[in-house]
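Beneath this line is the structure, given in structure tokens, with notes to follow.
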Amino acid sequence: MHWRATLAAARPRAVAWLLLGLLVQWLPASAAAEPPALTVFGAASLTNALQEVGDGFTRETSIPIKFSFAASSALARQIESGAPADVFVSADEDWMDYLQTRQLIKAASRRDLLGNRLVLIAPADSRVQLKISPGFALAAALGKERLVTGDPDAVPVGRYAREALTKLEVWNSVADRLVRADSVRSALAFVDRGEAALGIVYETDALIDPGVRIVDVFPEATHAPIAYPAALTTGANANAAKFLEYLRSPAAAIVFRHYGFTVL
């Protein structure tokens, strides 16, 4: 009878060791089955909308996404310098062209996703009233204060702003009073904090910040169409194409429209 008691006592230990062995075998396989995260570089003005779209994509596919948001110029130069990115979404065509001419994106994957509008903003408590038209009194409205937008030599919103103000024949009157922000969100923050009397940003940025108000919208004829192209980088992983396709889905369109973008 002694041997039966010994065998009975050994059985729970044997089962425990068996389960432990199976667990050890299962864990690496489970970890290996998880898809690698996608890295998406997006223009600063897309921060809120693209993050929400990415969350929806991850819920549907279980593919995680890591975002990097900054001025399109900064992101394009990072990609040029070898920064790992799977998808690039720019706030203008020029910086996507910049990467395409250097063969750093897959040209066949490139698509224009969204449109936007250029607006003049002021702090929410400002009483400035202006109607944008040729020769409008922008310098007089500034008084001794400053106008802020993205750096016109690099940041897309600043390029659009300079083009519009030049066509409206007021650029020369305000060029030396310009604060050149490193992104559209930085320009927005200057106005929100009251550090600039007026700013030029995208409509979608102004709509998410209760600390500013839209003074007027720039006529579309005063600047090139605002378009957001997206493309896969040449080093994109296999799942990146799924996200690029999702950006054009009805679910993504609902989010983009909610934030004020035009879906192209």
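Residues in region 199-214 that are in contact with a Ser or Thr (Cβ under 8 Å, 6 or more places away or on another chain) and not in a helix (DSSP H, G or I): Gly199, Ile200, Val201, Tyr202, Arg213. Search region 198-229 for residues being among the small types (Gly, Ala, Ser) and closer than 16 Å to Arg185 by Cα, and hand back the single one that is nearest to the chain's Cα centre (by Cα). If we take residues in region 198-229 being among the small types (Gly, Ala, Ser) and closer than 16 Å to Arg185 by Cα, then Ala206 is nearest to the chain's Cα centre (by Cα).
On the stretch given as region 61-78, residues that are of a type in the set (A, V, I, L, M), surrounded by fewer than 24 Cβ atoms within 10 Å (Cβ to Cβ) and part of a helix (DSSP H, G or I) total 1. Within 25 Å of Ser186 (Cβ to Cβ) and touching a Phe, Trp or Tyr at 6+ places or on another chain (Cβ under 8 Å): is that true of Ile121 in this structure? No: the conditions fail for Ile121.
Only the coordinates and a few stated rules stand behind these numbers; no lab work does. Quick caveat: nothing in here was measured; it's all calculated off a predicted structure. Cβ sites come from the backbone with ideal geometry, for glycine too, and all protein chains shown count toward neighbours.
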